[in-house]
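Below: one structure, written as structure tokens.
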Amino acid sequence: MTKITWSLLLATLLALGLQVASAHAQWVRTCVSANGNDANTCHCTQPCRTFQRAHDQTLADGEVTVLDPGGYGPLTITKSISIVNDGVGEASIQVSGGGTGIIVNAPNGGGYVNLRGITIQGVGFGGGTGLLFNTGFSLTMTNCVVRNHTDKGIWLRPTADSHFLVKNTLVADNGGRAGIFVDTQNAASVAAEFDHVELYNNTEGLELNSGVGVSNTAIVKATVTDSVAANNLGTGTLAGGFRVTSVSPFLPAYLTIIRSVSAFNGVGLISSGDGAPHLYIGQSTVTRNATTFQGNNMISFGDNYSRGDGDGDPPLTKTSPR
Amino acid sequence: MTRITPSLFLAALLGFSFHVASAQAQYVRTCVSANGNDANTCHCTQPCRTFQRAHDQTLSDGEVTVLDPGAYGPLTITKSISIVNDGVGEASIQVSGGGTGIIVNAPNGGGYVNLRGITIQGVGFGGGTGLTFNTGFTLTMTNCVVRNHTGNGIELLPNATSHIAISNTLATDNGG
């Protein structure tokens, strides 16, 4: 490989990156490679080996680019950042020892986090959790795979107003409470969109839970579109395909499901808690679950298919949406 | 390119992989490459050439990562494993002589199998079957292509409780 001279390096820096003059230089773009080394700067001419080191070397609002397939290790995110594998091969984080693949501790109010094409895989040896969101303003996650964790796959636990998008993502073979668990804390308003999400073989598929400490003004709402929850067969009451939970005296959580399928789960749809959770469903199919649905405030737009369930196939009765 | 010294190699092992000290070392991640060699360990610094060798070198619950386009040969799966081609190019298994591309014989009750981005292609010469699932707890198959087999494309023959999910997958031009 060509020896990089200092003048060339400087020219590259000026051309491609903003170098911040400090004891600890950071870049607007860093790179990781299976051939990288964390002793490097993570500038893309000197890629690093781990996501964590690259994150630490990246300025807020910057990007980490994956150069080639590999395992890049667990990561705690503390800033606005984009971590991108755009089809170079598997960019994976392996989770064991009760750890967590990605922890998001970005700034509330102003932390914008974007993950693309990342695989988070539990590999035994004590298991763990796929992704845990604690703080941040937004998380957008596309083309990811989160699977084989002993605990939850994606655990969204915001403490302040947060916006989520999970799209084109497979969440499978996870334990814990649910494949995707939205578990709002501390008076946060949450808006979440789940599009083209596949939820297979988890304890529960997806649960939207307005949690504890939600103020009487905060609103917790989510939509699920073009998604599938199948074979989520946890124990006891934790076996729903899609579930919404809220507890009084706080405002209810709203879960809207459109063009989606809930099949072969313990319960197709669940609304639980005494806080009047609301579940709206349209253009969807709920079939071959042991129980079709549990709970109240299950509002059908009247264009769903529900057939062949183990509990005698009760219809999803149409109720006028509020 | 920097020469990888044994100490760096060891650091990489310790950092990114559980190296199990045994006569037959296995890894939580192995890699295959068209430039690999089955005499290698399949550690991603020493990729193997075939899925079968990589599978055999991978711990249960581990991953096989495809590094570049190529044909990686037929495979019998006997454990929880994830075999992943995430867009590096075609990762293909060619089937002939009445064989089967992938046979899943994972443990009933606890075998979790995940296949992504794999092409299983019949190429004549006696034909065969694309994928046969005999045993295992789950099979999740996404972004795959199973085509041109004289037998079945995907043949699911579970003999115990099993959960199968297949999405974004093309199964076409098969007989059986």
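Derivation of every value follows stated rules applied to the coordinates shown; laboratory data play no part. Since the structure is predicted, the reported quantities are computational estimates derived from the model, not experimental observations. All Cβ positions, glycine included, derive from the backbone under ideal geometry; neighbour counts span all protein chains shown.
Can you tell me which residue among A:Ala218, A:Ala222, A:Ala188, A:Ala178 is touching a residue at least 60 places away in the same chain (Cβ under 8 Å) and more than 13 Å from chain B (Cβ to nearest Cβ)? Spell out the reasoning first.
Details: A:Ala218 fails: touching a residue at least 60 places away in the same chain (Cβ under 8 Å); A:Ala222 fails: touching a residue at least 60 places away in the same chain (Cβ under 8 Å); A:Ala188 fails: touching a residue at least 60 places away in the same chain (Cβ under 8 Å).
Only one candidate qualifies: A:Ala178.
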*Restricting attention to strands (runs of 3 or more DSSP E) lying wholly within the range B:28-88, give those where 1 or more residues are within 14 Å of chain A (Cβ to nearest Cβ).*
B:58-66, B:81-84
*Report the residue count in the range B:150-173 for those that are closer than 30 Å to A:Gly117 by Cβ and crowded, with 19+ Cβ neighbours inside 10 Å.*
6
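If you take the residues of the range A:225-239 that are of a type in the set (S, T, N, Q), within 13 Å of chain B (Cβ to nearest Cβ) and within 18 Å of the chain's Cα centre (by Cα), which of them is surrounded by the most Cβ atoms within 10 Å (Cβ to Cβ)? Before the answer, list the steps.
Kept after step one, since they are of a type in the set (S, T, N, Q), are these residues of the range A:225-239: A:225, A:227, A:231-232, A:235, A:237.
Of the ones still in play, those that are also within 13 Å of chain B (Cβ to nearest Cβ) are A:227, A:231-232.
Filter once more, so that each one left must be within 18 Å of the chain's Cα centre (by Cα): A:227, A:232.
Values: A:Ser227: 28, A:Asn232: 32.
Selected residue: A:Asn232.
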*Exclusive hit being surrounded by fewer than 23 Cβ atoms within 10 Å (Cβ to Cβ) and among the aromatic types (Phe, Trp, Tyr), set A:Phe242, A:Phe264*: A:Phe264
*So, of the residues in the range A:78-110 that are in contact with a Lys or Arg (Cβ under 9 Å, 6 or more places away or on another chain) and part of a loop (DSSP other than H, G, I, E, B), which turns out to be nearest to the other protein chains (Cβ to nearest Cβ)?*
A:Glu90
*Which one is surrounded by the most Cβ atoms within 10 Å (Cβ to Cβ) among residues in the range A:27-41 that are more than 16 Å from A:Asn85 (Cβ to Cβ) and touching a residue at least 24 places away in the same chain (Cβ under 8 Å)?*
A:Trp27
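Being among the small types (Gly, Ala, Ser) and touching a Phe, Trp or Tyr at 6+ places or on another chain (Cβ under 7 Å) is the filter here; which residues of the range A:217-252 pass it?
Filtering the range A:217-252 down to residues among the small types (Gly, Ala, Ser) leaves A:218, A:222, A:227, A:229-230, A:234, A:236, A:239-241, A:246, A:248.
Within the range A:217-252, A:Ala222, A:Ser227, A:Ala229, A:Ala230 meet the criteria.
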_I need the full set of residues from the range B:100-116 which are touching an Asp or Glu at 6+ places or on another chain (Cβ under 9 Å) and not charged (D, E, K, R), in order please._
B:Thr100, B:Tyr112, B:Asn114
